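A.B. asks: Before anything else, here's the structure in question.
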Amino acid sequence: MKILLVNPNTSISVTERLEAVGRSVASPGTTIKALTAPRGFPYLSSRAEAQIGGAIVLDMIAEEPEPFDVAIIAAFGDPGLMAARELFDQPVIGMSEAAMLTACMLGSKFSLVTFANALKPWFEECVAMHGLTDRCASVRSLS
(Lines give C-alpha, C1' and ligand atoms only; values in the text may rest on other atoms or scores of the structure.)
Protein backbone atom coordinates (compact mmCIF):
# COMPACT_ATOMS: atom_id res chain seq x y z
CA MET A 1 0.00 0.00 0.00
CA LYS A 2 1.20 3.50 -0.87
CA ILE A 3 -0.06 6.27 1.41
CA LEU A 4 0.15 9.94 0.50
CA LEU A 5 0.21 11.96 3.73
CA VAL A 6 -0.68 15.59 2.99
CA ASN A 7 0.00 18.27 5.59
CA PRO A 8 -1.73 21.53 4.54
CA ASN A 9 0.43 23.43 7.04
CA THR A 10 3.86 24.77 6.13
CA SER A 11 5.44 23.25 9.25
CA ILE A 12 8.01 20.72 8.06
CA SER A 13 8.63 19.50 11.62
CA VAL A 14 4.95 18.59 11.97
CA THR A 15 5.05 16.69 8.68
CA GLU A 16 8.16 14.80 9.78
CA ARG A 17 6.50 13.87 13.07
CA LEU A 18 3.31 12.70 11.36
CA GLU A 19 5.36 10.62 8.93
CA ALA A 20 7.40 9.05 11.74
CA VAL A 21 4.27 8.08 13.68
CA GLY A 22 2.69 6.70 10.51
CA ARG A 23 5.74 4.59 9.73
CA SER A 24 5.82 3.24 13.28
CA VAL A 25 2.34 1.73 12.94
CA ALA A 26 2.22 0.92 9.21
CA SER A 27 1.99 -2.67 8.06
CA PRO A 28 5.09 -4.22 6.48
CA GLY A 29 5.35 -3.22 2.83
CA THR A 30 3.44 0.03 3.30
CA THR A 31 5.13 3.13 1.98
CA ILE A 32 4.32 6.63 3.19
CA LYS A 33 5.13 9.74 1.21
CA ALA A 34 4.64 12.85 3.32
CA LEU A 35 4.17 16.27 1.79
CA THR A 36 4.27 19.70 3.44
CA ALA A 37 2.31 22.59 1.98
CA PRO A 38 4.61 24.72 -0.18
CA ARG A 39 2.76 27.89 0.84
CA GLY A 40 0.17 28.95 3.34
CA PHE A 41 0.36 28.93 7.13
CA PRO A 42 2.49 27.16 9.76
CA TYR A 43 -0.73 26.15 11.53
CA LEU A 44 -4.34 26.43 10.31
CA SER A 45 -6.03 28.41 13.05
CA SER A 46 -9.13 29.89 11.40
CA ARG A 47 -11.80 29.06 8.87
CA ALA A 48 -10.14 31.37 6.34
CA GLU A 49 -6.79 29.62 6.75
CA ALA A 50 -8.55 26.26 6.44
CA GLN A 51 -10.14 27.33 3.15
CA ILE A 52 -6.75 28.32 1.78
CA GLY A 53 -5.19 25.12 3.16
CA GLY A 54 -7.96 23.08 1.56
CA ALA A 55 -7.21 24.53 -1.86
CA ILE A 56 -3.53 23.79 -1.32
CA VAL A 57 -4.41 20.17 -0.39
CA LEU A 58 -6.21 19.78 -3.71
CA ASP A 59 -3.18 21.13 -5.58
CA MET A 60 -0.80 18.86 -3.67
CA ILE A 61 -2.82 15.73 -4.40
CA ALA A 62 -3.42 16.67 -8.06
CA GLU A 63 0.27 17.41 -8.64
CA GLU A 64 1.55 14.19 -7.07
CA PRO A 65 3.42 12.41 -9.89
CA GLU A 66 3.71 9.02 -8.18
CA PRO A 67 0.72 6.67 -7.94
CA PHE A 68 -0.76 6.19 -4.47
CA ASP A 69 -3.55 4.08 -2.98
CA VAL A 70 -4.93 6.51 -0.41
CA ALA A 71 -4.40 10.11 0.65
CA ILE A 72 -4.61 11.29 4.24
CA ILE A 73 -5.25 14.95 4.99
CA ALA A 74 -3.19 15.47 8.11
CA ALA A 75 -4.74 18.52 9.75
CA PHE A 76 -7.61 18.90 12.15
CA GLY A 77 -10.71 20.26 10.50
CA ASP A 78 -10.07 18.15 7.38
CA PRO A 79 -9.46 21.09 5.02
CA GLY A 80 -10.33 20.17 1.44
CA LEU A 81 -11.63 16.71 2.34
CA MET A 82 -15.04 16.78 0.68
CA ALA A 83 -13.69 18.44 -2.48
CA ALA A 84 -10.84 15.91 -2.66
CA ARG A 85 -13.34 13.08 -2.47
CA GLU A 86 -15.17 14.59 -5.44
CA LEU A 87 -12.02 15.06 -7.53
CA PHE A 88 -9.90 11.97 -6.98
CA ASP A 89 -10.53 8.28 -7.59
CA GLN A 90 -8.43 7.16 -4.62
CA PRO A 91 -9.90 7.20 -1.11
CA VAL A 92 -9.16 10.36 0.87
CA ILE A 93 -9.19 10.21 4.66
CA GLY A 94 -9.49 13.21 6.96
CA MET A 95 -7.61 13.09 10.24
CA SER A 96 -10.51 14.69 12.15
CA GLU A 97 -13.12 12.37 10.71
CA ALA A 98 -10.96 9.32 11.44
CA ALA A 99 -10.35 10.45 15.02
CA MET A 100 -14.01 11.15 15.71
CA LEU A 101 -15.19 7.88 14.17
CA THR A 102 -12.62 6.00 16.22
CA ALA A 103 -13.87 7.77 19.35
CA CYS A 104 -17.43 6.73 18.44
CA MET A 105 -16.32 3.09 18.31
CA LEU A 106 -14.86 3.37 21.80
CA GLY A 107 -17.72 5.13 23.56
CA SER A 108 -21.16 6.59 23.14
CA LYS A 109 -19.96 10.21 23.06
CA PHE A 110 -16.70 12.08 22.57
CA SER A 111 -15.36 15.55 23.29
CA LEU A 112 -12.81 17.68 21.50
CA VAL A 113 -10.26 19.82 23.31
CA THR A 114 -8.58 22.75 21.63
CA PHE A 115 -6.00 25.24 22.83
CA ALA A 116 -7.87 28.33 21.58
CA ASN A 117 -11.42 29.48 22.20
CA ALA A 118 -11.52 30.94 18.67
CA LEU A 119 -11.29 27.42 17.20
CA LYS A 120 -14.43 26.12 18.93
CA PRO A 121 -16.97 27.24 16.27
CA TRP A 122 -14.85 25.82 13.44
CA PHE A 123 -14.42 22.50 15.26
CA GLU A 124 -18.17 22.35 15.97
CA GLU A 125 -18.77 22.87 12.24
CA CYS A 126 -16.33 20.04 11.50
CA VAL A 127 -18.28 17.73 13.81
CA ALA A 128 -21.51 18.69 12.03
CA MET A 129 -19.91 18.25 8.57
CA HIS A 130 -19.25 14.62 9.49
CA GLY A 131 -22.78 14.10 10.85
CA LEU A 132 -21.57 13.52 14.41
CA THR A 133 -23.23 16.37 16.33
CA ASP A 134 -25.38 13.98 18.38
CA ARG A 135 -22.30 11.98 19.37
CA CYS A 136 -20.21 15.02 20.42
CA ALA A 137 -20.58 15.81 24.11
CA SER A 138 -18.62 19.05 23.89
CA VAL A 139 -15.90 21.12 22.28
CA ARG A 140 -13.78 22.65 25.03
CA SER A 141 -10.99 25.15 25.05
CA LEU A 142 -7.95 25.39 27.31
CA SER A 143 -8.05 29.20 27.10
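The values are calculated or read from the model by the stated rules, or taken from the named source; none is laboratory data. Quantities reported herein were computed from a predicted structural model and do not represent experimental measurements. FYI the Cβ positions are ideal-geometry reconstructions off the backbone, even for glycines, and counts take in every protein chain you see. What goes into the accessible areas is simple: the full protein's heavy atoms, side chains included, and nothing from ligands, DNA or RNA. Shrake-Rupley method; radii C 1.70, N 1.55, O 1.52, S 1.80 Å.
A.B. asks: Under 15 Å from the Cα of Lys109, which aspartates and glutamates turn up, not counting those fewer than eight places away in the same chain?
C.D. replies: Qualifying aspartates and glutamates at Cα under 15 Å: Glu97, Glu124, Asp134.
A.B. asks: Along the positive direction of the dipole of the chain (beta-carbon charges: Lys, Arg +1; Asp, Glu -1; about the Cα centre), which of Pro8, Leu119, Met82 reaches farthest?
C.D. replies: Highest projection toward the positive end goes to Leu119.
A.B. asks: Rounded to the nearest 500, what is the 222 nm mean residue ellipticity of the chain from helices alone, with -39500 (n - 2.57) per DSSP H run of 4+ residues and division by all residues?
C.D. replies: -12500 deg cm²/dmol
A.B. asks: How many percent of the alpha carbon pairs in the stretch 1-53 exceed a separation of 19 Å?
C.D. replies: 33
A.B. asks: Ignoring ligands, DNA and RNA, what percent of the accessible area of the stretch 1-121 is carbon or sulfur (1.4 Å)?
C.D. replies: Here it works out to 60 percent.
A.B. asks: Right, next: Using only the alpha-carbon atoms of the chain as identical scatterers, what base-10 log of I(q)/I(0) does the Debye formula give at q = 0.16, 0.21, 0.22 Å⁻¹?
C.D. replies: For the requested q values the scattering log ratios are -0.87, -1.38, -1.45.
A.B. asks: Just going by the charge dipole of the stretch 37-143, with Lys and Arg at +1 and Asp and Glu at -1 on Cβ, which of Ala62, Pro91, Ala137 is farthest out on the positive end?
C.D. replies: Farthest towards the positive pole: Ala137.
A.B. asks: Keeping every protein chain present and rolling a 1.4 Å probe, give me the accessible area per residue for the stretch 13-57 in Å². Before the final figure, lay out the partial values.
C.D. replies: Numbers: 2750 Å² over 45 residues.
On a per-residue basis, the stretch 13-57 sits at 61 Å².
A.B. asks: Remind me, relative contact order of the chain in percent, using alpha carbon pairs under 8 angstrom and six or more residues apart?
C.D. replies: Details: 240 pairs, mean separation 31.1, N = 143.
Reported as a whole number, the value is 22 percent.
A.B. asks: Within straight cross-link reach of Lys2, meaning Cα distance under 29 Å, which lysines are found once same-chain residues fewer than 8 apart are removed?
C.D. replies: Qualifying lysines at Cα under 29 Å: Lys33.
A.B. asks: Could you provide, to the nearest whole Å², the per residue accessible area of the stretch 73-143 with probe 1.4 Å?
C.D. replies: 54
A.B. asks: Now, a different point. Using 0.36 nm per residue, how much length does the chain from Arg17 to Ala55 gain when fully extended, once their Cα-Cα distance is taken away?
C.D. replies: Numbers: separation 38, 0.36 × 38 = 13.68 nm, distance 2.29 nm.
Contour length minus the Cα-Cα distance gives 11.4 nm.
A.B. asks: Hey, another quick one. Note down the magnitude of the dipole of the stretch 28-131 about its Cα centre, charges +1 on Lys and Arg C-beta and -1 on Asp and Glu C-beta and zero elsewhere, to the nearest 20 debye.
C.D. replies: For the stretch 28-131, the charge dipole is close to 420 debye.
A.B. asks: Once both axes come from the Cα atoms, what is the angle between helix 12-25 and the longest principal axis of the chain, in degrees from 0 to 90, rounded to 10?
C.D. replies: 80
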